[in-house]
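Following: one structure in C-alpha cells, then a few remarks.
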Amino acid sequence: MQTLRDQACIVGVGETAYTRGAQKSVLRLVLEASRHAIADAGLSTHDMDGFVLPGPYLFQEQLAANLGINDLHYSTYIQMGGASPVTALQSAAMAVAMGIATQYIMGIAEGHPYPADDIPNRADFFKIGLSFAAPRAFAIAGVTPQDIDFAEIYDCFTYVVLLQLEALGFCAQGEVGDFVAGGRLRIDGSLPCNTHGGLHSEAHVWGLNHVIEATRQLRHEAALQVADCALGVVTGWGDFGDGSLAILRR
C-alpha cells in the first residue's frame with residue numbers, strides 16, 4: 001500500500017506578529033506570512049506552484065496574483081475548523097507525492113466521529129476524530145506514541161487537550177488525569193506539550209502556529225527548546241470533534 005511516509009517535508013515556516021485588532025486585511029496578513037515562509041525555505045515566489053488555504057477567505061487567483069505565481073499547478077482550501085491546518089498539510093503532501101506540485105512528513109491522517117454532526121446521538125462521546133486518525137497515522141509513520149518527544153496539541157479548551165491525549169494513545173481512556181500529573185507535559189517532562197504556549201498563551205490562529213512550533217523544535221531553533229528532540233506530533237480539532245494529526249521527524 002502506498003502511503004505519504006517521507007513523501008514531503010516542511011522546508012519553510014512563516015507568521016505575522018500575533019496582535020489584537022490588527023489594522024491589516026486578511027489578504028495582507030496572508031501575503032506577509034507566506035513571504036516569510038518562502039524566504040525561510042530559501043526560495044522565491046516564482047518557485048511556488050501550489051498552495052492550500054485553510055478556509056474560503058481568499059480567492060486562489062487573488063493570492064497567486066499578489067505573490068506573482070504565474071504557473072499555478074495546484075490550489076485548494078480546507079474547511080474543517082481547527083482541524084484545517086494539519087489537514088492542509090495532508091493535502092499539500094498528497095499533491096507533492098502525486099507530482100502535481102513539486103515544492104519529512106512521516107505520517108498524517110484525519111478522522112471524524114460518528115455521527116459527524118449529531119453529538120447527542122453518539123454512542124461514545126469520548127470517541128473523537130483522533131480515535132480513528134491516530135492509529136492510521138502512527139501505522140504509516142512506523143512509530144508509536146511512546147516514541148514521541150513532544151506534542152503540539154490543539155487547545156481551544158483545556159479538556160480538549162485531555163481528550164486528544166487519550167485518543168492519541170498516550171494513555172488509556174479515563175487515565176489522563178494521572179497521566180498529566182507531576183509535570184509530565186512541562187518542557188522538562190517526559191512529553192513536553194504546547195511548548196510555544198499554544199492557542200491559550202500565544203495566539204488562536206486555527207492551530208497553524210502549532211505546526212510552526214513543531215518545525216522549529218525539530219530544527220532545534222525553538223525559543224523554549226526540547227532537548228535533543230527528533231520526533232513530534234501536531235494535532236487539529238474541528239468544531240464537532242473532527243481530528244487531524246501529523247507526525248513529523250527531524
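Each reported figure results from applying straightforward, stated rules to the coordinates on display, with no laboratory input. Here the structure is a predicted model, which is why all the values come from computation and not from measurement. Here the Cβ is made from the backbone with ideal geometry for all residues, glycine too, and neighbour counts use every protein chain on show.
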- prompt: Do the sum for the chain: with -39,500 (n - 2.57) for every DSSP H run of n ≥ 4, divided by all residues, what is the mean residue ellipticity at 222 nm, to the nearest 500 deg cm²/dmol?
  reply: -9500 deg cm²/dmol
statement: segment 26-249: antiparallel bridges as % of DSSP beta bridges, rounded to 5, reads 60
message: I need the peptides 34-42, 180-188, 21-29 ranked by packing, meaning the mean over residues of other C-beta atoms within 10 angstrom, with the highest value on top.
response: 34-42, 180-188, 21-29
message: Under a crude label model (7 Å from the Cα following the beta-carbon direction), how far is Arg35 from Thr16 in nanometres?
response: 1.2
message: Sorting check: for 220-231, 128-139, 236-247, which peptide has the highest mean count of neighbouring beta carbons within 10 Å, and how do the rest follow?
response: 236-247, 128-139, 220-231
task: Find the centroid of the Cα atoms in segment 1-48 and in segment 150-206, then give the distance between the two in whole Å.
output: 25
- line: With the dipole of the chain defined by +1 on each Lys or Arg Cβ and -1 on each Asp or Glu Cβ, the option from Val13, Ser75, Gly236 whose Cα lies farthest towards the positive pole is Val13
statement: proj_area_mean for segment 26-249 (convex hull on C-alpha atoms), units nm², value 12.4
message: Taking R0 as 35 Å, what FRET efficiency do you get between His73 and Arg250 from their Cβ-Cβ distance, rounded to the nearest 0.05?
response: 0.75
